[in-house]
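Undergrad: Structure below; questions to follow.
The values are calculated or read from the model by the stated rules, or taken from the named source; none is laboratory data. Since the model is a prediction, treat every value here as computed from it, not as a measurement. Cβ coordinates were reconstructed from backbone atoms using ideal geometry, including for glycine residues, and neighbour counts include every protein chain displayed.
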Amino acid sequence: MKLKIALTCPDADAAKPWRNALTTQLLALGADAEIALWPERFADPDYALVWGAGQGFLDAHRGVKALFTLGAGVDGLLKLDVPAAMPIIRIEDGGMAAQMAEYVCHAALRHVRQFDVYESAMRTSAAGGGAWQPLEPRRPAQFPVGIMGMGALGSRVAQALQAFGFPVNGWSRSAKEIPGVASFGGEASLDRFLQASRILVCMLPLTPDTRDLINRARLQQLQSPGYFINVARGAHVVEADLLALIDSGHLAGAALDVFREEPLPASHPFRAHPRIALTPHTAAQTLIDESAQQIAHKIVALERGESVGGLVDRSRAY
Ligand code: NAP
Ligand code: GLV
């Protein structure tokens, strides 16, 4: 039997490599599939793969056995009307965990080693030839990192930070047992987790429980001067509170990959802030080959009636 799979991506050019990779991976597992790129469509598709889906695509595929997202976060998808009984399966890692580890370690080390300070001093004083000024050495051991969200991505980041000598605290809904990581579980432990941390990294999914979680009261509890890294979603953060705490010196700065409004408007105060490093929501991108292989394995498992990982719990919204 030939599986019928519907696929939509915001960029039509991006859809073709996905179609090729998924066809190849399914064939390697002995499954034959026909993949339609939206707005081409089947009358009775088996599965749908979405990134940046619109309501029209979802309405046309209400009968599928499962909906696969091509990313880790499902907050965008859950804003739409997705039938409550339709299983949503997200990417688990898909090549993103290693990229997140690179991003967070880079941002944390850049701050600890004060590379940002050196870069700006060397530039601003170039005309006068001054500021050839090594600063007092600082070590990762002096900067305990608190990771909010110890899932597929956060747990990998924790390992990578430990390898550089950072003490690591992890906060998640349920406490974890990860060697060398001080684990904090649930809301009751959030204050203790924040007070034990100096660099805060947000790796949470965006849900009704986590929206606006990172506000003045929470950031104020970090050891000072602290630092903030956001690689999750912009709406986790009350931006005005973050700016105020950087300007007051409670936080030394921030590295931000995600924003409440994307693309970040040219006039936004983050844009020109000397102590905020910005990237355009690119901390970790889904890698097609790894992810197509993962999805192909899950489709074959579902066809055999087996359960698969990455199933979104609709009551928790992640
Ligand atoms: P995941 O595996 O689902 O992990 C989520 C973690 O957050 C889990 O440890 C979970 O706790 C914890 N959590 C959820 N709600 C919580 C709450 N209310 N209180 C405390 N902890 C809570 O997700 P992931 O694959 O690691 O991805 C995390 C997020 O990264 C995505 O949702 C997405 O927003 C973001 N992301 C960003 C980029 C980028 O380029 N910037 C790329 C990929 C992903 P439990 O373990 O107890 O369930
Ligand atoms: C990207 O932000 C993702 O959630 O995969």
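Undergrad: Between a residue in the range 270-282 that is under 15 Å from Glu239 (Cα atoms) and any residue that is away from ligand 1 (no atom under 16 Å from the Cβ) and of a type in the set (Gly, Ala, Ser), which pairs come within a Cβ distance under 9 Å, given they are 6 or more apart or on different chains?
TA: Going by the 9 Å Cβ cut-off, the qualifying pairs are His273/Gly253; Arg275/Ala252; Arg275/Gly253; Ile276/Gly253; Ala277/Gly253.
Undergrad: Can you tell me how many residues in the range 286-314 are within 16 Å of ligand 1 (Cβ to nearest atom) and either over 18 Å from Gly149 (Cβ atoms) or not in a loop (DSSP other than H, G, I, E, B) (or both)?
TA: 10
Undergrad: So, one more: Being on the phi > 0 side of the Ramachandran plot, surrounded by 15 or more Cβ atoms within 10 Å (Cβ to Cβ), modelled with pLDDT of 95 or more and in contact with a Leu (Cβ under 8 Å, 6 or more places away or on another chain) is the requirement here; does Ala317 meet it?
TA: Here the answer is yes, as Ala317 does meet what is asked.
Undergrad: Output the residues belonging to the range 147-169 that are more than 8 Å from ligand 1 (Cβ to nearest atom) and farther than 18 Å from His106 by Cβ.
TA: Listed by number, the residues that qualify are Pro167, Asn169.
Undergrad: With respect to the numbered conditions (1) under 18 Å from Gly149 (Cβ atoms); (2) more than 17 Å from the chain's Cα centre (by Cα); (3) assigned to a loop (DSSP other than H, G, I, E, B), which one is the sole condition not fulfilled by Gln223?
TA: Answer for Gln223: the failing condition is (1).
Undergrad: Next question. Anything in the range 94-109 that is buried (at least 18 other Cβ atoms within 10 Å of the Cβ) and part of a helix (DSSP H, G or I)? List them, or say none.
TA: Hits for the range 94-109 are Met96, Ala97, Gln99, Met100, Ala101, Tyr103, Val104, Cys105, Ala107, Ala108.
Undergrad: I would also like to ask the following. Would you confirm whether or not the range 237-259 contains a residue that is at pLDDT 95 or above and within 30 Å of Leu22 (Cα to Cα)?
TA: So far as the range 237-259 goes, yes, one or more of its residues are at pLDDT 95 or above and within 30 Å of Leu22 (Cα to Cα).
Undergrad: Please state which one of Ala272, Ala266, Ala255, Ala283 is assigned to a loop (DSSP other than H, G, I, E, B) and buried (at least 18 other Cβ atoms within 10 Å of the Cβ).
TA: One residue alone meets the criteria, Ala283.
Undergrad: For the range 167-221: of the residues being of a type in the set (Val, Ile, Thr) and within 16 Å of ligand 2 (Cβ to nearest atom), which is surrounded by the most Cβ atoms within 10 Å (Cβ to Cβ)?
TA: Out of the qualifying residues, it is Val201.
Undergrad: Quick one: is Leu161 in contact with a strand residue (DSSP E or B) (Cβ under 6 Å, 6 or more places away or on another chain), part of a helix (DSSP H, G or I), surrounded by 18 or more Cβ atoms within 10 Å (Cβ to Cβ) and among the aliphatic types (A, V, I, L, M)?
TA: yes
Undergrad: Of all residues in the range 229-246, which are within 14 Å of ligand 1 (Cβ to nearest atom) and either surrounded by fewer than 23 Cβ atoms within 10 Å (Cβ to Cβ) or not polar (S, T, N, Q) (or both)?
TA: The answer is Ile229, Val231, Ala232, Arg233, Gly234, Ala235, His236, Val237.
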